[in-house]
Amino acid sequence: QVQLVESGGAVVQAGGSLRLACKASGRISTYSIMGWFRQAPGKEREFVAAINWGASTYYGNFVEGRFTISKGNAENTLYLQMNSLKPEDTAIYFCAADGEYYGGVYYSTTRYHYWGQGTQVTVSS
């Protein structure tokens, strides 16, 4: 069974930086895609970033160059470097992955079959 465990969430001031990590079972190089989503209280889960098997990266419109997604294959860990954080970035951040392509687009939650439990990011103003 695929297991994803997020870490790195914290309270940070606006303008600060944070790096999230997602430790995955197995070899992440075998996953067709991995990504980050976030969900604020009372809101829908929102696409943040994704990276596919070919290392192509994708970002949500709100990212505006502030975040960088990357993979550490040796340690089987997905990362999200977040800079210039804003209060509206406050949310639970979820790691997601898929081993096969069943259809769907990278920014849709339905593209991913495996999810972590999330890590809380709070940005204070």
(request) Mind checking which aspartates and glutamates have their Cα closer than 20 Å to the Cα of K43? Skip sequence neighbours fewer than 8 apart in that chain. (result) E88, D89
(message) If N is the number of residues in region 32-125, what value comes out of its Cα radius of gyration divided by 2.2 N^0.38 Å?
(response) 1.04
(message) For a quick check of your reading of the filter: which chymotrypsin sites (Phe, Trp or Tyr not before Pro) in region 77-125 sit in a DSSP loop and have no more than 13 other Cβ atoms within 10 Å?
(response) Y101, Y102
(request) Using Cα pairs closer than 8 Å and at least 6 residues apart in sequence, work out the relative contact order for region 9-97, in percent. (result) 41
(request) Please find the FRET efficiency linking S25 to V105, where r is the Cβ-Cβ separation and R0 is fixed at 30 Å, and quote it to the nearest 0.05. (result) 0.75
(request) Compare S56, S29, S70 in a GNM of the chain, Cα atoms joined below 10 Å, and give the one with the largest fluctuation. (result) S56
(request) Identify which of A55, A74, A96 has the largest mean-square fluctuation in a Gaussian network model of the chain, with springs joining Cα atoms closer than 10 Å. (result) A74
(message) Rounded to the nearest percent, how much of the accessible area of the chain (1.4 Å probe, protein heavy atoms only) is carbon and sulfur?
(response) 48
(request) Give the long-range amide H neighbours of Y114: residues separated by 5 or more places, or on another chain, with amide H under 5 Å away, using H modelled in the peptide plane at 1.01 Å from N. (result) A97
(message) Could you give each residue of region 92-107 its phi-based ³J(HN,Hα) in whole Hz, using Karplus coefficients 6.51, -1.76, 1.60 with θ = phi - 60°, and x for Gly or Pro?
(response) 8, 9, 10, 8, 9, 8, 8, x, 9, 9, 9, x, x, 10, 4, 8
(request) Describe numerically, in nm with one decimal, the distance between label points set 7 Å from Cα along Cα→Cβ at V11 and at E88. (result) 2.4
(request) For K23, go through the lysines and keep the ones whose alpha-carbon is under 24 Å away, minus same-chain ones fewer than eight residues off. (result) K71
(message) Taking the alpha-carbon distance from K86 and a cut-off under 17 Å, which aspartates and glutamates remain once sequence neighbours fewer than 8 residues away in the same chain are dropped?
(response) E46, E64
(request) Give the accessible surface of region 20-90 per residue, rounded to a whole number of Å², with probe radius 1.4 Å and ligands, DNA and RNA excluded. (result) 47
(request) Using θ = phi - 60° and the Karplus relation 6.51 cos²θ - 1.76 cosθ + 1.60, list the HN-Hα couplings for region 112-125 in order, rounded to whole Hz, with x at every Gly or Pro. (result) 10, 9, 10, 9, x, 8, x, 9, 7, 10, 10, 10, 8, 9
(request) Name the residues whose placed amide hydrogens come within less than 5 Å of the amide hydrogen of G16, ignoring near sequence neighbours (fewer than 5 apart) on the same chain. (result) L85
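The values are calculated or read from the model by the stated rules, or taken from the named source; none is laboratory data. Since this is a predicted model, take the numbers as computed values, not measurements. In this analysis, Cβ positions are derived from the backbone assuming ideal geometry, glycine residues included, and neighbour counts consider all displayed protein chains. Ligands, DNA and RNA are excluded from the accessible area calculation, which covers all protein heavy atoms including side chains. Shrake-Rupley method; radii C 1.70, N 1.55, O 1.52, S 1.80 Å.
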